[in-house]
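Notes for the one structure printed next.
The values are calculated or read from the model by the stated rules, or taken from the named source; none is laboratory data. Computed from a prediction, not measured in an experiment: that's the story for all the values here. Reconstructed Cβ throughout: ideal geometry from the backbone, glycine too, with neighbour counts over all protein chains shown.
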Protein chains: 2
Amino acid sequence: MIWAPLFQRLKTTTGADDRDLESLAALPFTLRNFRENQTVLRDGEQPTECCLIADGFCVRSKTVVDGRRQILSIHIPGDLPNLQNLHFPSVDHDLIALSDCTLAFIAHKALNDLIGERSGVGDMFWRDTLVDAAVSREWIVNVGQRSTYVRLAHLIVELRERLRLIGRVIDNTFEIPLTQEQFGEAMGVTSVHTNRILRELRIDGVLELQRGTVRILNEHKLQELAQFDGRYLQMSPSS
Amino acid sequence: MIWAPLFQRLKTTTGADDRDLESLAALPFTLRNFRENQTVLRDGEQPTECCLIADGFCVRSKTVVDGRRQILSIHIPGDLPNLQNLHFPSVDHDLIALSDCTLAFIAHKALNDLIGERSGVGDMFWRDTLVDAAVSREWIVNVGQRSTYVRLAHLIVELRERLRLIGRVIDNTFEIPLTQEQFGEAMGVTSVHTNRILRELRIDGVLELQRGTVRILNEHKLQELAQFDGRYLQMSPSS
DNA sequence: TGCCCTTCTTAACATTTGTTGCGTTTGCCC
DNA sequence: GGGCAAACGCAACAAATGTTAAGAAGGGCA
């Protein structure tokens, strides 16, 4: 059931109406598989569908002139990484599959028709893009102000909270299938430096990363380090 | 007429419907003045109104535990910096007046009622928050991947394009009333380093910054440096 | 005018991060 | 099982950026 992670998230962040969700689930979609490193959407493209990540991980990224690449966001099952194309024809970044992925494509027309009928669906989607924006703002803080050591801890806690919501965290262990180079691209540092910082985190007994599997070694130390304030994820309906 | 810059922007980015704009202009609002450095919204607050910047500059910012501050976005007349509170009760950052400011506050209720009546207004606002999100993503790239020298050039070109749209650029000169420390906070570097980079830009004959007034010395050099691709601002309706 | 505060400016030095290079490990495919 | 490519690990050195400190310049106000 491809809708489960999205519905889980929408219910948590917005207390979604069940009939709105049912109407969403009734929409036609096309499943497409992507392989690791395959480009889903290219900068400048004008998609006519929105995609829902049914399985796997994707990232948004931008490449600057000298070839350096910045990862803008990490997307997990249940995410709708190009909802903005309901309003703007072109994507202004790349969307790339990090792992083998299954994506459900839903036509803009079908979505727009549904939004026209049920304004609650439009509100849910608007909220979803607002959370996406809040995550981007937190990333600006992460890259701009936190030391690489803390930055990596914060990034990993953010991902853990989002993965926990869709049931992907077991025994303090979870998958974030990025290479060290890709973690570096998310943090604005090189792979060499990412390696240095990971070593420190391992030696300090905070956490361990092995080929995309994160294991928390000391929850208390991690919390103290990351100083994670998850309000921006809007995971508790009261916020 | 407080609506002019907003309408100018909405027309350019979305080809707004005139009747939607008229209905907006008919909404009741309260004008409030803020002084330089005064906090408009504090992290955690639950505003019941959205604000429109009628005059002056504001910034969103977040402060991390060790006291360092990151500026998340710079807002100019015509911006609606807390539109997201139509959907989420709390702000997750501070909103601070950089200069003496005049803000128009519009009640959420009035806005929501209007959106209920005229879905085009809701669409415009949704689009506006999407552009805001696109700007945040570009800032992640700026802070993460560009050298401080290029980063400052890029930031200034972005602001120039946005200011130009509302008629605030004259003869390659315009106001961005940030101190060097605040420019640093927007770029994730210290004021000392900002000063170093500004000196280089001045010596290289690219641009000059004096107490918040920017003067472009060599447009060609600036363009070549910043490699500014303004598509993310959605200023041409065709994008 | 003179005082005071903020901002700007610069230098010397410390720390972080990037660059280059190379050896090791891992996973995949024949 | 052997070979290959990608990812990991690490060290030496270079470059960018932070820290600290101090003086200069500017603006507001008595």
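Residues in the range A:129-140: is at least one more than 16 Å from DNA strand C (Cβ to nearest atom), more than 12 Å from chain B (Cβ to nearest Cβ), out of contact with any strand residue (DSSP E or B) (no Cβ under 8 Å at 6 or more places or on another chain) and free of Cβ contacts under 8 Å to residues at least 24 places away in the same chain? Taking every residue of the range A:129-140 in turn, none turns out to be more than 16 Å from DNA strand C (Cβ to nearest atom), more than 12 Å from chain B (Cβ to nearest Cβ), out of contact with any strand residue (DSSP E or B) (no Cβ under 8 Å at 6 or more places or on another chain) and free of Cβ contacts under 8 Å to residues at least 24 places away in the same chain. Being surrounded by 19 or more Cβ atoms within 10 Å (Cβ to Cβ), more than 30 Å from B:Asn85 (Cα to Cα) and not charged (D, E, K, R) is the requirement here; does A:Ile156 meet it? No; evaluated as a whole, the condition is false for this residue.
Of all residues in the range A:75-128, those being within 14 Å of chain B (Cβ to nearest Cβ) and of a type in the set (Lys, Arg) number 2.
Rundown of residues vs (1) out of contact with any strand residue (DSSP E or B) (no Cβ under 6 Å at 6 or more places or on another chain); (2) without any contact (Cβ under 8 Å) to a residue 12 or more places away in the chain; (3) closer than 26 Å to A:Glu36 by Cβ; (4) within 11 Å of another protein chain (Cβ to nearest Cβ), yes/no style:
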{"residue": "A:Thr179", "(1), (2), (3), (4)": "yes, no, yes, no"}
{"residue": "A:His193", "(1), (2), (3), (4)": "yes, no, yes, no"}
{"residue": "A:Gln210", "(1), (2), (3), (4)": "yes, yes, yes, no"}
{"residue": "A:Leu217", "(1), (2), (3), (4)": "no, no, no, no"}
{"residue": "A:Met235", "(1), (2), (3), (4)": "yes, no, no, no"}
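Candidates are the residues of the range B:160-176 that are among the aliphatic types (A, V, I, L, M) and within 14 Å of B:Pro5 (Cβ to Cβ); the one that is farthest from DNA strand D (Cβ to nearest atom) is B:Leu165. Checking each residue in the range A:177-196 for being assigned to a helix (DSSP H, G or I) and more than 10 Å from DNA strand D (Cβ to nearest atom) picks out A:Glu185, A:Ala186, A:Met187. If you go through the range B:197-221 and pick out every residue that is assigned to a helix (DSSP H, G or I) and more than 14 Å from B:Ser147 (Cα to Cα), you end up with 6.
Among the residues of the range A:82-96, those that are over 15 Å from B:Ser136 (Cα atoms) and either free of Cβ contacts under 8 Å to residues at least 12 places away in the same chain or in a loop (DSSP other than H, G, I, E, B) (or both) comprise A:Asn82, A:His87, A:Phe88, A:Pro89, A:Ser90. Here the range B:197-239 is the region considered, the condition is being among the polar types (S, T, N, Q) and more than 12 Å from DNA strand C (Cβ to nearest atom), and the residue that is modelled with the lowest pLDDT is B:Ser239. Every condition in (1) β-branched (Val, Ile, Thr); (2) assigned to a strand (DSSP E or B); (3) over 17 Å from the mean Cα position of the chain (by Cα) holds for A:Ile115 except the one numbered (2). Candidates in the range A:27-75 are the residues that are in a loop (DSSP other than H, G, I, E, B) and of a type in the set (Lys, Arg); of these, the one that is farthest from A:Val135 (Cα to Cα) is A:Arg35. Looking at the range B:151-163, is at least one residue at the interface with chain A (Cβ under 10 Å from one of its Cβ atoms), assigned to a helix (DSSP H, G or I), away from DNA strand C (no atom under 16 Å from the Cβ) and among the basic types (Lys, Arg)? Within the range B:151-163, not a single residue is at the interface with chain A (Cβ under 10 Å from one of its Cβ atoms), assigned to a helix (DSSP H, G or I), away from DNA strand C (no atom under 16 Å from the Cβ) and among the basic types (Lys, Arg). Just to be sure before I move on: is B:Val121 within 24 Å of A:Val143 (Cα to Cα) and assigned to a helix (DSSP H, G or I) in the structure I sent? Criteria not met by B:Val121. Annotation note: of B:Thr30, B:Thr48, the sole residue that is more than 14 Å from chain A (Cβ to nearest Cβ), modelled with pLDDT of 95 or more, farther than 25 Å from B:Arg127 by Cβ and away from DNA strand C (no atom under 16 Å from the Cβ) is B:Thr30. Number of residues in the range B:159-213 that are of a type in the set (Val, Ile, Thr) and touching a Pro at 6+ places or on another chain (Cβ under 9 Å): the value is 2.
Against the test of being crowded, with 18+ Cβ neighbours inside 10 Å, within 20 Å of the chain's Cα centre (by Cα) and not aromatic (Phe, Trp, Tyr), the options B:Leu225, B:Leu233, B:Leu207 yield a single qualifying residue, B:Leu233. Note on the range A:97-112: residues that are out of contact with any helix residue (DSSP H, G or I) (no Cβ under 7 Å at 6 or more places or on another chain) and part of a helix (DSSP H, G or I) amount to 2. In the range B:141-150, the condition of being within 11 Å of DNA strand C (Cβ to nearest atom), under 27 Å from A:Leu152 (Cβ atoms) and not in a helix (DSSP H, G or I) is met by at least one residue. Check the range A:162-173 and report whether any residue there is under 29 Å from B:Arg118 (Cβ atoms) and either of a type in the set (Lys, Arg) or in contact with a Lys or Arg (Cβ under 8 Å, 6 or more places away or on another chain) (or both). Checking the range A:162-173: not a single residue is under 29 Å from B:Arg118 (Cβ atoms) and either of a type in the set (Lys, Arg) or in contact with a Lys or Arg (Cβ under 8 Å, 6 or more places away or on another chain) (or both).
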